[in-house]
Every structure is written in structure tokens, then in C-alpha cells.
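The values are calculated or read from the model by the stated rules, or taken from the named source; none is laboratory data. What you are looking at is a predicted structure, and each value in this text was computed from that prediction instead of being measured. Glycine also receives a Cβ, built like all others from the backbone with ideal geometry; neighbour counts cover every protein chain displayed. Remember, those area values only see protein heavy atoms, side chains included, never the ligands or the DNA or RNA. Shrake-Rupley method; radii C 1.70, N 1.55, O 1.52, S 1.80 Å.
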Amino acid sequence: MSLRSRGEVRTRSDLESLSQAVAEDLARIAASAISVHGWFSLALSGGETPQVLFGLLAREYHTRIPWARAEIFWVDERYVPHHDRRSNYGMANDAWLAGSPVPRENIHPIPTDLPNAEEAARQYERVLRAHFLNSWPQFDLMLLGLGSDGHTASLFPRSPALAEETRWAVAAEAPTEPSHRITLTLPVINHAAHVHFLVAGSRKAEALKSALSGESDPLDCPASAVRPTDGELVWWVDAEAAKLLP
Ligand code: 6PG
């Protein structure tokens, strides 16, 4: 399978220039989605890598995107309170959304105040089904990260969640704290119109090479299972992460 069939790799020298390029492409995708179907659905991942991008969306892109037409969701969440510094919602809200023109009713955090992650996943799926009118959700843009172990979203190696084919969101376990997670499933991720990975730093180089090799077992490298059915797959990577690529 050619490298291209596993997505297009776009390399930038460092995280700053990478984030600038992603922000510009996000603006293009948003404008196109809004002109085609009136709104722009964006699913965010957490972790450190997107923090620079969130800062750009908060400042340089504060008015450049019609945020009133945006609907913000999460790819995954750690099962901690939203005010916890490890919360993916909390990180995005603090870095960007709290001061953004996105209407609060258009921001759909994964709930973490239910009795457990399983109930939270089912509640989040109800929110998704209400929004996407119960047909397979096609997010306009899905922003994914890559763990050094090859995980993406909260789909970790050997996770039972990797085999889920009907539910849209499930509870999952991470090998690191916070271990209880909620994550979108692979069918939902692969149904997106645009799936963009943001990968930076030399510690991701092995996982990136594995994900792009076309020879990895998805059980060992879940990111390699991200192959949009009809959508665009782009790997935004900095020079450090790309250093093992041919
Ligand atoms: C999470 C993320 C996760 C993340 C990767 C990379 O909840 O942690 O959604 O999938 O994207 O772990 O994280 P870094 O950007 O911090 O390396």
C-alpha cells in the first residue's frame, strides 16, 4: 500500500510553524464546510501538542473563522473533573474556548460527572446522536494526536475498544493515569471528512514510522487503523517526528 493511501504527510520545521499551517488549513476546511452545509463540526484531541494551535485559534484566528457556525466536540477525555488540569476539555477551554466567539451551547464536552466512564460514554453518544440526527456522524475535521506507543484518541494498544464497530463512544482504559477514559471509536474517526494528525517531537518518530509503514498490526499501533472511508487523511509532522521517515 503506497504511503499516500495511508494519508498525506506534511512536514514543517517545528511545532510553531506546524501549528500555523494547521490553523490555516482548519480555517479553509471550516469555510468550506459552512458554505456547503451551514456549520463546521470539529473534534479535538487533548495532550500537549495542540496547545500551540489552540493559542493561535484564540488570537490570530479569533475573528478569521465564523465561530458562531462551529460545533466543538472532543475525540476523547480523561475521566477527571473538567477543572482538573489533565482534562482535555479544561485544557482547550483555558487555552482557547473560554475567550472565543464559539457559543457555549455549541461546545460539547464529554461529561465526566456521571457515576462512571461507561455511563459518561453512553451520555456522550446520546449528545452525538442528537446532533448528527442518529446517522453515522461525519465530523468535518477530526484533530488527532499520536502517542509514543502508537495510540491515538484513547485507543491504546491491545484495547478492546479497537474492536468496537457499532457504538460511537466507549469507555476505555489507558496504561497511564488518568486511566479511565472515554473515546470516539474507530468507525466514527474513519467516517470524518478530514482526519488530521498533529505529531511533534523525536519521541514520536518510531510510532509515526510504524503508523505510516502499512505493516503495523492495529492492535500494536492503533493509529495505523485510522484510514478514513471517504475522507482526507493528513499527517502534520515536525522535522523531529519525521526523522525516521524515508
Ligand atoms: C489524550 C489525547 C491523546 C494525545 C496523545 C498525544 O487524551 O491524551 O487525546 O490521544 O493526542 O497522547 O499527546 P501529546 O500531544 O501530549 O504528546
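Within the listed set ALA163, ALA172, ALA27, the Gaussian network model of the chain (springs between alpha-carbon atoms below 10 Å) gives the highest mean-square fluctuation for ALA163. Taking Cα pairs under 8 Å and at least six residues apart, what relative contact order does segment 5-112 come out at, in percent? Dividing the mean separation by the residue count of segment 5-112 yields 27 percent. Here is the list for segment 142-177: GluC sites (Glu not before Pro) lying in DSSP coil, each with at most 13 other C-beta atoms within 10 angstrom of its C-beta, are GLU165.
Of ASP140, ASP220, ASP84, the residue with the greatest mean-square motion in the GNM of the chain, using alpha carbon springs below 10 Å, is ASP84. How big is the gap, in Å, between the Cα center of segment 56-107 and the Cα center of segment 37-54? Centre-to-centre distance over Cα atoms comes out at 8 Å.
Expressed as a whole percent, the accessible area of segment 1-153 that falls on carbon and sulfur atoms is 52 (1.4 Å probe). Taking the Cα centre of the chain as reference, the dipole from Cβ charges on Lys and Arg (+1) and Asp and Glu (-1) amounts to some 340 debye. Globularity index of the chain is 0.93 (Cα radius of gyration / 2.2 N^0.38 Å, N = number of residues). Sorting MET142, MET91 by accessible area puts them as MET91, MET142; the probe is 1.4 Å, largest comes first, and only protein heavy atoms count. Highest mobility in the GNM of the chain, judged by mean-square fluctuation with C-alpha springs under 10 Å and restricted to ALA21, ALA130, ALA225, is found for ALA130. Once the 1.4 Å probe is applied to the protein heavy atoms, segment 1-152 comes out at 44 Å² accessible per residue. Count Lys and Arg as plus one, Asp and Glu as minus one, and take only other residues whose Cβ is under 13 Å from that of ASN190; the net charge is then -2.
DSSP bridge analysis restricted to the chain gives an antiparallel fraction near 30%, rounded to the nearest 5.
Here the relative contact order of the chain, from alpha carbon pairs under 8 Å that lie six or more residues apart, stands at 24 percent. Residues of segment 14-34 with amide nitrogen under 11 Å from the 7 Å Cα-to-Cβ point of GLU232? So the set is 25-33. Label-to-label distance, GLU177 versus GLU48, with points set 7 angstrom from Cα along the beta-carbon direction: 1.8 nm.
Taking trypsin sites (Lys or Arg not before Pro) across segment 69-122, the ones in a DSSP loop with at most 16 further Cβ atoms lying within 10 angstrom of their Cβ are ARG85, ARG86.
Rounded, prolate or oblate: which one fits segment 60-145, using the alpha carbon gyration tensor with axes a ≥ b ≥ c (rounded when a/c is under 1.5, else prolate when a/b beats b/c, else oblate)? Mind dumping the intermediate values first?
Numbers: a/c = 2.02, a/b = 1.20, b/c = 1.68.
Oblate shape, in that a/c is at least 1.5 and b/c is the bigger or equal ratio.
Nonpolar atom fraction for segment 186-246, defined as the carbon and sulfur part of the 1.4 Å probe accessible area, stands at 49 percent.
Sites listed here are trypsin sites (Lys or Arg not before Pro) in segment 158-221 whose DSSP assignment is loop and whose Cβ has at most 13 other Cβ atoms within 10 Å: ARG158.
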